[in-house]
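Here the structure comes first, spelled out in structure tokens, and everything after it is commentary.
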Amino acid sequence: MPFNELNAEETRVIINKGTERAGVGELTDYKEAGTYICRQCNTPLYQSASKFHSGCGWPSFDDEIPGTVKRVPDADGRRIEIVCNHCDGHLGHVFEGEGFTAKNTRHCVNSISMKFVADGDALPDVLEK
């Protein structure tokens with residue numbers, strides 16, 4: 001099956017490496033137990049147990065599901081971009097050394113780059129291009 005269809009704003013962020021406005025994402029302050037998956041290809045990316053409130057205006061996680069998030073130098077040359085390891089969809093940026101959690105890592109993720117699947121609900125199949 002092809003990737004999920006993206007609307008114009010999802011395309012701007014996920015494909016064109018944009019950023020949604022701080023504080024507007026539906027998952028920013030979401031606190032339910034479950035799994036955050038890639039909006040484009042359904043790859044499970046983060047567990048709710050690794051989510052924390054950083055006050056930055058975007059969902060923050062201190063750890064990804066192993067092997068699902070790739071770090072690449074950002075085009076600005078100053079930050080590290082994070083993308084889905086399966087489809088290369090833009091997620092956001094990763095920062096280290098801020099001291100928010102014991103892991104000392106913050107994945108700052110665009111809410112629009114993810115979907116949420118509650119614990120107990122079946123995860124959708126990971127899609128291929």
- Who wins for biggest fluctuation among 22, 75, 102 in a Gaussian network model of the chain, springs between alpha carbons below 10 Å? 102
- No other cysteine beta carbon under 4.7 Å away is the test; run it over the chain and list who passes. 56, 108
- Item | GNM top mover of 84, 108, 56 - the chain, alpha-carbon springs below 10 Å | 56
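Are there trypsin sites (Lys or Arg not before Pro) in the stretch 19-63 that DSSP puts in a loop and that have at most 14 other Cβ atoms within 10 Å, and which ones?
In loop regions of the stretch 19-63 (DSSP not H, G, I, E or B), the sparsely surrounded trypsin sites (Lys or Arg not before Pro) are 21, 31.
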- Query: Distance from the Cα centre of the stretch 1-61 to that of the stretch 89-129, in angstrom?
  - Reply: 6 Å
- Taking only C-alpha pairs under 8 Å that are 6+ residues apart, what is the relative contact order of the chain in percent? 31 percent
- Query: Can you list the trypsin sites (Lys or Arg not before Pro) in the stretch 56-95 that are in a DSSP coil and have 12 or fewer other beta carbons within 10 angstrom?
  - Reply: 78
- Item | Calculated from backbone phi, Karplus (6.51, -1.76, 1.60) coupling profile of the stretch 7-18 in Hz, x at Gly/Pro | 7, 4, 6, 4, 5, 4, 7, 6, 8, 9, 6, x
- Note on the structure: Highest GNM mean-square fluctuation among 98, 26, 64, for the chain with Cα springs under 10 Å, belongs to 98
- D_trans [Stokes-Einstein, Kirkwood Rh over alpha-carbon pairs] for the chain, 20 °C, 1.002 mPa s, µm² s⁻¹: 147 µm²/s
- Query: How large is ³J(HN,Hα), in whole Hz, for each residue of the stretch 82-87 in order, when computed from phi with the Karplus curve 6.51 cos²θ - 1.76 cosθ + 1.60 and θ = phi - 60°, using x for Gly and Pro?
  - Reply: 10, 10, 4, 5, 8, 10
- Item | Helix-derived mean residue ellipticity, 222 nm - over the chain, DSSP H n ≥ 4, -39500 (n - 2.57), to 500 | -1500 deg cm²/dmol
- Message: List the residues, sorted by chain then number, that are 5 or more residues from residue 92 or on another chain and whose placed amide H is less than 5 Å from its amide H.
- Response: 82, 110
- Message: Whole-Hz ³J(HN,Hα) for each residue in the stretch 97-110, computed from phi via Karplus 6.51 cos²θ - 1.76 cosθ + 1.60 with θ = phi - 60°, x for glycine and proline: what do you get?
- Response: x, 8, x, 5, 9, 4, 6, 6, 10, 10, 7, 9, 10, 5
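Bear in mind that the values in this text are calculations on the coordinates, not laboratory data. Predicted model only: the values in this text are computed from it and were never measured. For neighbour counting, all protein chains shown are included, and Cβ atoms are generated from backbone atoms with ideal geometry for every residue, glycine included.
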